[in-house]
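Participant: Pasting a structure below so you can have a look.
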Amino acid sequence: MEIFEATLALLAAALVLSALAGKLAVPYPSFLVVGGLVLSFLPIVPGVELDPALAFTLFLPPILFEAAYYTSWRDFRANAQAIGGLAIALVAFSTFAIARVADWLIPEMPLGAAVVLGAIVSPPDAAAATAVLRRMRLPRRVVAIVEGESLVNDAVALVIYNFAVAAVVTGRVSASEASLALLVTVVGSLAIGLIIGWAWTKLAERLTDPLIAIAMSFMVAFGAYLAAERLDLSGVLSVVAAGLYFAWKAPTSLSADARLGGAAVWRLIIYILNALAFVLIGLQLPQILGDLKGYSLATLAKDGAVIAGTAIVIRLAWVLGFSQTLRLISRASRKPNFVNWREAIVIGWSGMRGLVSLAAALALPDTTIDGAPFPARALVLFLAFAVILGTLVVQGLSLGSLVRLLGLDQDSGDEEEERLARIAAANAAIDAIDSLAENPALPREVLDRIRYTYSARIPQLSNQPTGDVENPSHGDFADAVRLAAIAAERNAILRLRDGRTIGDGALHRVQQDLDLLELAIKGHRPAYSRASWIDLSNRVAGRGRPPRAV
């Protein structure tokens with residue numbers, strides 16, 4: 001009961017702080033960390049120790065799965081070069097650059113422990129990136145690069161971390177073993193995630209209860225993570241692979257009410273998990289300080305500021321240099337340019353660290369293989385916390401001002417793709433209705449009225465004048481025709497997505513409107529003839545199974 005009450009109290013505090021962050025118009029991850037830090041020093045607040053295993057297993061799978069679901073695979077592929085440069089090359093470079101600075105700054109810290117510190121703080125946090133960037137109007141490629149990077153970099157950093165910890169604990173390390181293990185980890189983790197995503201998609205196609213489908217989606221996230229971890233692979237990559245695969249198949253494997261209900265449930269759960277995670281980060285400082293002895297607060301503050309500053313500067317310099325290099329290469333090959341210098345600054349400044357770094361630091365073993373204390377463990381823990389706090393507060397609170405100062409704004413690509421998708425969907429609906437009109441036995445008046453609603457929509461989307469739109473007559477047949485038209489619209493936007501004409505963002509927005517319209521039609525007349533709907537769907541589709549109707 002005490003654990004339950006403490007959890008409720010912690011959740012209530014997190015939600016109150018989130019609400020205050022919204023009122024103050026500041027990113028809630030930064031505000032929650034500061035709020036948790038303040039709460040940790042209040043005498044009425046008991047000490048809260050974050051179990052690293054719990055942090056990895058409870059928070060990471062759903063946060064990564066949701067982020068992968070809303071990641072545009074087309075944009076991910078288009079920016080794969082930039083994402084790889086940040087998620088792989090920058091993580092590796094940051095690890096060893098921070099290690100060298102820590103080794104120089106703190107003579108009593110062994111180089112092995114410094115490398116462990118570098119691996120801990122090198123990857124930006126997926127939850128922090130998505131929580132901050134999704135509330136800003138930024139160019140699509142900036143968001144795609146930062147979110148895509150955050151899906152991969154944790155896995156890279158954790159592989160380096162595991163080998164660095166093993167080297168410190170056992171006293172030996174093999175570069176060939178590390179390279180082979182990295183290859184096996186990447187291939188095996190992606191394979192597990194894709195298999196689980198494929199199996200879940202096949203199961204979802206047969207589920208008729210949307211509540212079961214929504215609940216099962218959470219099991220997929222946790223299942224992909226735990227299956228990979230059980231095999232000593234990367235749960236992070238496995239979850240990302242499962243999320244990306246399922247996102248690609250969801251428009252055809254889930255019913256409309258499962259998609260709409262799932263989006264609402266997932267949004268709520270992710271918000272709660274993020275709120276709890278960032279408050280828990282702030283609450284860890286007293287425990288971390290309690291393990292430090294023989295260091296003055298001034299020395300700790302100086303060392304923490306230097307390491308945090310190093311992490312920020314390294315990322316900013318790397319992104320600026322890397323972006324200019326890619327721009328020169330793309331100019332020579334006459335391919336589209338990479339981000340400009342203003343966008344590169346925003347990407348460089350978006351490297352907030354978070355829960356993964358803290359959990360990795362807390363998971364450090366207490367002793368080496370010969371029973372000696374893990375070298376500088378308490379100091380590594382504190383410096384990792386300093387980087388997390390510094391990046392979340394300094395970068396998180398200033399990112400919005402930086403975006404406004406640089407004059408960046410959301411490009412028109414998303415709106416144009418959405419408009420294109422809606423026009424294509426309306427044309428597909430008209431074609432579907434025309435195919436029905438070829439049957440003289442069907443009521444032509446109803447078909448003409450429904451067709452007119454779509455015909456009038458196209459000039460509106462094209463910014464052309466149009467007349468008043470009549471309301472189509474109601475009835476079982478009219479509802480069935482409209483549902484068949486919606487099915488044709490879905491097929492049209494999926495063809496655009498599959499052909500990379502539009503991204504997943506435009507697909508999700510148009511699909512959501514179609515799902516809402518479908519449920520409104522079914523809710524308006526729950527007694528419509530399902531047999532006639534399936535018959536009409538088959539006539540419209542002409543091939544394959546009809547769109548799902550739950």
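The values are calculated or read from the model by the stated rules, or taken from the named source; none is laboratory data. Quantities reported herein were computed from a predicted structural model and do not represent experimental measurements. Cβ: placed from backbone, ideal geometry, glycine included. Neighbour counts: every protein chain shown. With ligands, DNA and RNA removed, areas are computed over all heavy atoms of the protein, side chains included. Shrake-Rupley method; radii C 1.70, N 1.55, O 1.52, S 1.80 Å.
Participant: Roughly how tilted is helix 175-204, in degrees to the nearest 10 and between 0 and 90, from the longest Cα axis of the chain?
Facilitator: The two axes meet at around 30 degrees.
Participant: Would you mind classifying region 1-125 by shape? Square roots of the alpha carbon gyration tensor eigenvalues, ordered a ≥ b ≥ c; an a/c under 1.5 is rounded, otherwise it is prolate if a/b is larger than b/c and oblate if not. Let's see the in-between values first.
Facilitator: On the way: a/c = 2.08, a/b = 1.27, b/c = 1.64.
Since a/c reaches 1.5 but b/c is at least a/b, the shape of region 1-125 is classed as oblate.
Participant: About the Cα centre of the chain, how large is the charge dipole given +1 on each Lys and Arg Cβ and -1 on each Asp and Glu Cβ? Please answer in debye to the nearest 20.
Facilitator: Value, rounded to 20: 1140 debye.
Participant: To one decimal place, what Kirkwood hydrodynamic radius in Å is obtained for region 234-377 from all pairs of distinct Cα atoms?
Facilitator: 20.2
Participant: Rounded to the nearest 10 degrees, what's the angle between the helix 256-283 long axis and the longest principal axis of the chain, both from Cα atoms, 0 to 90?
Facilitator: 20
Participant: How are the C-alpha pair distances of the chain spread across 10 Å bins, as whole percents from the shortest bin up?
Facilitator: For the chain, the binned pair fractions read 3, 16, 25, 24, 16, 9, 5, 2, 0, 0 percent.
Participant: Working from Cα positions, state the angle (0 to 90°, nearest 10) between the long axis of helix 2-24 and the longest principal axis of the chain.
Facilitator: Tilt of helix 2-24: around 70 degrees.
Participant: Return the carbon/sulfur percentage of the accessible area of the chain, one whole number, probe 1.4 Å, all protein chains in place.
Facilitator: Exposed carbon and sulfur together represent 63 percent of the surface.
Participant: Find the Cα radius of gyration of region 71-214, compare it with 2.2 N^0.38 Å by division, and give the number to two decimals.
Facilitator: Relative to the rule-of-thumb radius for its length, region 71-214 sits at 1.29.
Participant: Along Cα→Cβ, 7 Å out, is where each label goes; now give me the distance between the ones at residue 176 and residue 341 in nm to one decimal.
Facilitator: 4.7
Participant: Given the DSSP H assignment, sum -39500 (n - 2.57) over each helix run of at least 4 residues in the chain and divide by its residue total; what's the result at 222 nm in deg cm²/dmol, nearest 500?
Facilitator: -24500 deg cm²/dmol
Participant: Can you work out D for region 47-118 in µm² s⁻¹ from Stokes-Einstein, where Rh is the Kirkwood radius over C-alpha pairs, the temperature is 25 °C and the viscosity is 0.890 mPa s? Don't jump to the answer; show the numbers that get you there.
Facilitator: Details: Rh = 15.2 Å.
Taking Rh from Cα pairs, D becomes 161 µm²/s.
Participant: Still on this structure, I have one more. Determine the relative contact order of the chain: mean sequence separation of Cα pairs under 8 Å and six or more apart, normalised by residue count, in whole percent.
Facilitator: 21
Participant: Let me ask something else. Can you tell me how region 180-257 classifies by the Cα gyration tensor, rounded, prolate or oblate, using a/c under 1.5 as the rounded cut?
Facilitator: prolate
Participant: Can you bin region 265-320 into rounded, prolate or oblate? Criterion: square roots of the alpha carbon gyration tensor eigenvalues sorted a ≥ b ≥ c, rounded for a/c under 1.5, prolate for a/b above b/c, oblate for the rest.
Facilitator: Here region 265-320 falls in the oblate category.
Participant: Please give the per residue accessible area of the chain, computed with a probe of 1.4 Å over protein heavy atoms only, in Å².
Facilitator: Heavy-atom accessible area per residue stands at 44 Å².
Participant: Moving on. Once you put a point 7 Å from the Cα of residue 11 and another 7 Å from the Cα of residue 519, both along the Cβ direction, what distance in nm separates them?
Facilitator: 2.3
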